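Encoded as structure tokens, the structure appears first; notes follow it.
The values are calculated or read from the model by the stated rules, or taken from the named source; none is laboratory data. None of the values given here were measured: they were computed from a predicted structure. We place every Cβ from the backbone using ideal geometry, glycine too, and count neighbours over all the protein chains shown. The protein model used for the area step is the full one, side chains on, heavy atoms only, and it has no ligands, DNA or RNA in it. Shrake-Rupley method; radii C 1.70, N 1.55, O 1.52, S 1.80 Å.
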Amino acid sequence: EYYQKSIELREKTNNPALPWSYLGIASLYEEMGDQAKAIENYSLSLELNEQNDEKRCNLHCYLGLGKIHTLNGHSGEASDYLKIALEIAESLKAKPIIYETYLLLAENAERERDYKAALKFYRLHQQFKEEVLNSEMLNKLKYQQINYETESARQEAEIYQLRNVELK
């Protein structure tokens, strides 16, 4: 309902974010299992986005189309969409999407009995997944260090205030 309202508003104002509304609807249909409507809305989003060429929107559309065709066993079509998604993800350096795409490509290659390609894609999936997880862990450690230093500074300030009160 809210996506429909956003579409109406964005159409009235010629808002360039209109393809994102259709992308949202497509992903909802995908979650609900209505693959035909999901494909229809992903395709419409891509079509509307031709004028804007918003790469992130295209990335999610191609990835969504690739997932649906993977689920339906249409390996050829799925691979085509996934390779486009992978190319865009690499240009955006979107590593979480890159490793997700490699996994889907590996599943398609395995379904096609191309085990050599499947192994290659699984290895690339694992490599990018490890990079993402290592990066996330590093960010968590940095966050903990910042919290520790902030807490230490706060405690030092309290001690300093107490000493001043005692001196007075």
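Of all residues in segment 58-80, count the ones that are part of a helix (DSSP H, G or I) and open to solvent by 60 Å² or more (accessible area, probe 1.4 Å). Show your work before the answer.
First, the residues of segment 58-80 that are part of a helix (DSSP H, G or I): 58-71, 75-80.
Filter again for open to solvent by 60 Å² or more (accessible area, probe 1.4 Å), leaving 60, 67, 71, 77, 80.
Qualifying residue count for the region: 5.
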Can you tell me which residue within segment 126-168, out of those that are hydroxyl-bearing (Ser, Thr, Tyr) and without any contact (Cβ under 8 Å) to a residue 24 or more places away in the chain, is least open to solvent (accessible area, probe 1.4 Å)? SER152
Hey, any hits in segment 26-34 for a residue that's in contact (Cβ under 8 Å) with a residue 24 or more places away in the chain, open to solvent by less than 20 Å² (accessible area, probe 1.4 Å) and of a type outside the set (Lys, Arg)? yes
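Could you please find all residues in segment 94-121 being outside any helix (DSSP H, G or I) and open to solvent by 30 Å² or more (accessible area, probe 1.4 Å)? It would help to see each step written out before you state the result.
Here is the first cut: in segment 94-121, the ones outside any helix (DSSP H, G or I) are 94, 112-114.
The answer is GLU112, ARG113, ASP114.
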